[in-house]
Structures are given as structure tokens and as C-alpha cells.
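Following: one structure in C-alpha cells, then a few remarks.
The values are calculated or read from the model by the stated rules, or taken from the named source; none is laboratory data. What you see is a predicted model, and the numbers here were worked out from it, not measured in a lab. When we count neighbours, we look across all protein chains shown, and the Cβ atoms used for this are built from the backbone with ideal geometry, even at glycine.
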Amino acid sequence: MDWQLIADSFWPLLLGGLTGTIPLALASFGIGLVLALVVALLRLSPNRVLSWVGRAYVSLIRGTPLLVQLFVIFYGMPAVGVRIDPWPSAIIAFSMNVGGYAAEVVRAAILSVPKGQWEAGWTVGMSPARSLRRIILPQAARVSVPPLSNTFISLVKDTSLASLILVTEMFRRAQEIAAFSNEFMTVYLEAALIYWLFCTVLATGQDALEKRLDRYVAH
């Protein structure tokens, strides 16, 4: 074990994570959540066409590998005259993927809220949209925190795939350092450790968020 290499490469890897991996994951997850809410509402729509559109989107995203989605956007789109830079390509692919998986989580969370909560909103004169925003979604958020947190943690690890389309994030830094030093095992194990540290911090944040959202749950 080359301890000097570990010491020298720790900061470049950590910096790659803080300036590449985490921002990429946050941007993709934020956009993906908005998309997931839209798709979930489409799935819940009484309109059969809208419901089918939501179902088709979920089926397409969940039925194809993330790597293929990433390659289609970055390498495939130029074939139809659309060229997208590496970072936007990664964000688009990861956001679409999160939207497909998280949509079912959001849909299930909305359905888990008792119907009486909708009726309570109607009783005080709220429109369906306002009831959704003020009553239903806060309660659904608490239910959806654990699975959505798992989705985000998975996304943090999946960002390593962005290195294949030339995005400079932590794993690409690891590849560069490993190729230069020829110490692939050492560098990749160190990168794995940093990924684990990131995920541990996120899991701790998940616990704190769950406690904070407890107040929105109807008892």
C-alpha cells in the first residue's frame, strides 16, 4: 500500500467529489424531483391519455440502462443535429432517470395520504391544487423521504458513469491519477472510501430530515 500516494491523491479526489460529483447529483436530483412530481400527477390523472403518457415514461426509463440513456443523449443526439456538452448531457440523463424512478415513489406517497385529508381541504374552501400543495404534499413528503433518499444516494454513486462522457468528477480524477501512478487498486479503493463517506453523511441527513417532517404527519 502506497501511503504517500494515498495522501497525495486524497485532496484531488475529494475536490473532484465536492466540485463535480455532489453538484452534478444535486442538480440532477432537483430537476428529477420536479419531473417525478409531474409524471406522478400524470399517472394519477383520471384522463386516460395523460395517465398512459406517465406510465409510458416510467416504463421507458425503468426498462433501459442508465448508461444507455447517457450515451443516447451525448453520443446519439448529434446524429439528429443536436450536440450537447458533457455536463448538460449528464444532468439531462440523470434527471430523466431520477424522474422515472422517483415518480412511482411520489405517486405511492400521495396515495398513502388518507382521503379525509383531501376532504378537510375542500371543507375549508381550498381548491384541489391548493389542497395538494398545502396539505397532501407535506404529508407525502414525510412518507417519501426514505425511498427518495435512497434514490439520491444511488445517484451520487451513479454519477461515476459521467466519466465515460468526459465529465470531470471524482471517478474521472481517480482514473487520471491511477493511470499516471499505475496504482489502480490503491486509487480506486481510496475513491470507493470517499464515495462511502459521502453516502454516510447523506444517510445521517436523511434521519434528521425524517424527524423534521414528522410534524406534517396526521396522527
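Leu166 - would you say it is within 20 Å of Pro86 (Cβ to Cβ) and modelled with pLDDT under 90?
On the way: within 20 Å of Pro86 (Cβ to Cβ): yes; modelled with pLDDT under 90: yes.
In short, yes.
Output the number of residues of segment 126-177 satisfying the condition of being closer than 30 Å to Lys211 by Cα and not in a helix (DSSP H, G or I). Explain how you work it out, then say what you get.
First pass over segment 126-177, keeping only residues closer than 30 Å to Lys211 by Cα: 126-159.
Okay, now just the ones that are also not in a helix (DSSP H, G or I), so 126-127.
Count: 2.
Is one or more of the residues making up segment 52-62 closer than 24 Å to Ser160 by Cα and touching a Leu at 6+ places or on another chain (Cβ under 9 Å)?
Taking every residue of segment 52-62 in turn, none turns out to be closer than 24 Å to Ser160 by Cα and touching a Leu at 6+ places or on another chain (Cβ under 9 Å).
Looking at Ile84, is it surrounded by 16 or more Cβ atoms within 10 Å (Cβ to Cβ), hydrophobic (A, V, I, L, M, F, W, C), part of a loop (DSSP other than H, G, I, E, B) and at pLDDT 90 or above?
Taking the combined requirement at face value, the residue satisfies it.
Being under 17 Å from Ala103 (Cα atoms) and assigned to a helix (DSSP H, G or I): is that true of Ile22 here? Give the derivation first.
On the way: under 17 Å from Ala103 (Cα atoms): no; assigned to a helix (DSSP H, G or I): yes.
For Ile22, the condition - under 17 Å from Ala103 (Cα atoms) and assigned to a helix (DSSP H, G or I) - is not met.
Which condition from (1) in a helix (DSSP H, G or I); (2) loosely packed, with under 14 Cβ neighbours inside 10 Å is the one that Leu41 breaks?
Failed condition: (2).
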